[in-house]
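Sharing a structure here in structure tokens format.
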Amino acid sequence: MRPMMTPKRLRAVSTVLAMYLSACAASHPVDPQSSGSKPIPDPQNPKPTIVLVHGAFADASSWSGVMQRLQGRGYTVIAPPNPLRGADSDAAVIASVLKTVDGPVVLVGHSYGGIVISEAAQGNAAVKALVYIAAFVPDTGESVATIGGKFPPTKFGPDKLLPVPTAAGGADLYLKRDVFHELFASDVPEGTATIMAASQRPIDGGAIGAAFAGTPAWKSIPSWALVAGSDNMISPAAETSMAERAHAHIVHVDASHAVAVSRPDAVVEIILDAAHSVH
């Protein structure tokens, strides 16, 4: 039978064990908020916050798959609602959100959201990168309508919109539900597209023709752009041309306009490419 350890011997072993564990902790610090598998974030080189701005006929939930993947990689992600009332007022809302963020920002816009981020980032030194996802990348004086008119037409057109009069005398524009799947999300399961169509946020009719004012932020901030090759809302040729004009890092993906829903991994990859450039 093995002899019992005496109290004196037990204290000696405990002391040695404590010293060993202390040395290990000093050599391999861990974040006390984690399970111990992640290193403590470097305060001198923080990860940028990712701000995701949706476009017309969508809402912030369209970023769900992208958000989940980015958060899983340790990024702070914000997906504020885009009012869709007009570029100037929408940009002011997003600019106010950006002012609440500490540290560097990667600002991402989908579709009409590309117009919004191009204005919202103006004069904000914290925004280190812009990412356009199947988006408009406007120059001064351009609008959604004028950009679309320069390229071959897509399946989308005014006849695909449902105008709903507003109390102010204008009209909210919805994408008709019976064409939503084909035009907006052709590579998304029909059931998912049906939910997206039912929960879409309308855009003010005046926002379609409003010209972009000022100098777009992409002229001073590094940009990335994902071109959706099977986009039926914005011509892929238009997306490519605008991205090339902005000297963006361009990725082509065979996907619908709803690429953030159908191909979230591809969207995450280009966002991470932009985020890594900030470090």
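Out of everything in the range 62-93 that is out of contact with any Leu (no Cβ under 8 Å at 6 or more places or on another chain), of a type in the set (D, E, K, R) and over 12 Å from Tyr112 (Cα atoms), what residue ends up being surrounded by the fewest Cβ atoms within 10 Å (Cβ to Cβ)?
Within the range 62-93, the match that is surrounded by the fewest Cβ atoms within 10 Å (Cβ to Cβ) is Asp88.
Another question, then. Given the criterion free of Cβ contacts under 8 Å to residues at least 24 places away in the same chain and closer than 26 Å to Gln200 by Cα, identify the matching residue among Gly149, Gly55.
Gly149
May I pose another question? Any residue in the range 110-134 that's within 19 Å of Ser89 (Cα to Cα) and aromatic (Phe, Trp, Tyr): show its pairings with residues that are crowded, with 23+ Cβ neighbours inside 10 Å and modelled with pLDDT of 95 or more at Cβ separation under 6 Å, as long as the two are six or more apart or on different chains.
Tyr112/Gly55; Tyr112/Ala56
Can I ask one more? Can you find a residue in the range 229-239 that is closer than 24 Å to Thr49 by Cβ, surrounded by fewer than 17 Cβ atoms within 10 Å (Cβ to Cβ) and under 20 Å from the mean Cα position of the chain (by Cα)?
Within the range 229-239, none of the residues are closer than 24 Å to Thr49 by Cβ, surrounded by fewer than 17 Cβ atoms within 10 Å (Cβ to Cβ) and under 20 Å from the mean Cα position of the chain (by Cα).
This table checks each residue for (1) within 23 Å of the chain's Cα centre (by Cα); (2) over 26 Å from Thr240 (Cβ atoms); (3) not β-branched (Val, Ile, Thr).
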{"site": "Gly157", "(1), (2), (3)": "no, no, yes"}
{"site": "Val164", "(1), (2), (3)": "no, yes, no"}
{"site": "Gly170", "(1), (2), (3)": "no, yes, yes"}
{"site": "Leu175", "(1), (2), (3)": "yes, no, yes"}
{"site": "Phe180", "(1), (2), (3)": "yes, no, yes"}
{"site": "Met196", "(1), (2), (3)": "yes, no, yes"}
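Return only the number of the condition from (1) more than 21 Å from the chain's Cα centre (by Cα); (2) under 19 Å from Ala56 (Cα atoms); (3) not aromatic (Phe, Trp, Tyr) that Gly214 does not satisfy.
Here Gly214 clears every test but (2).
Just for the range 160-191: of the residues that are acidic (Asp, Glu) and either touching a helix residue (DSSP H, G or I) at 6+ places or on another chain (Cβ under 7 Å) or assigned to a loop (DSSP other than H, G, I, E, B) (or both), which one is nearest to His257 (Cα to Cα)?
Asp187
Would you check if there is a residue in the range 144-153 being modelled with pLDDT of 95 or more and either β-branched (Val, Ile, Thr) or touching a Lys or Arg at 6+ places or on another chain (Cβ under 9 Å) (or both)?
No: zero hits.
Please indicate, with yes or no, whether at least one residue in the range 81-89 is among the hydroxyl-bearing types (Ser, Thr, Tyr), under 21 Å from Ala217 (Cβ atoms) and touching a His at 6+ places or on another chain (Cβ under 8 Å).
No; the residues of the range 81-89 include none that is among the hydroxyl-bearing types (Ser, Thr, Tyr), under 21 Å from Ala217 (Cβ atoms) and touching a His at 6+ places or on another chain (Cβ under 8 Å).
Okay, next question. Please find, within the range 240-279, the residue that is surrounded by the fewest Cβ atoms within 10 Å (Cβ to Cβ) out of those that are within 28 Å of Ala197 (Cβ to Cβ) and acidic (Asp, Glu).
Asp265
The values are calculated or read from the model by the stated rules, or taken from the named source; none is laboratory data. Quick caveat: nothing in here was measured; it's all calculated off a predicted structure. Ideal geometry is used to build each Cβ from the backbone, glycine not excepted, and the neighbour counts take in all protein chains shown.
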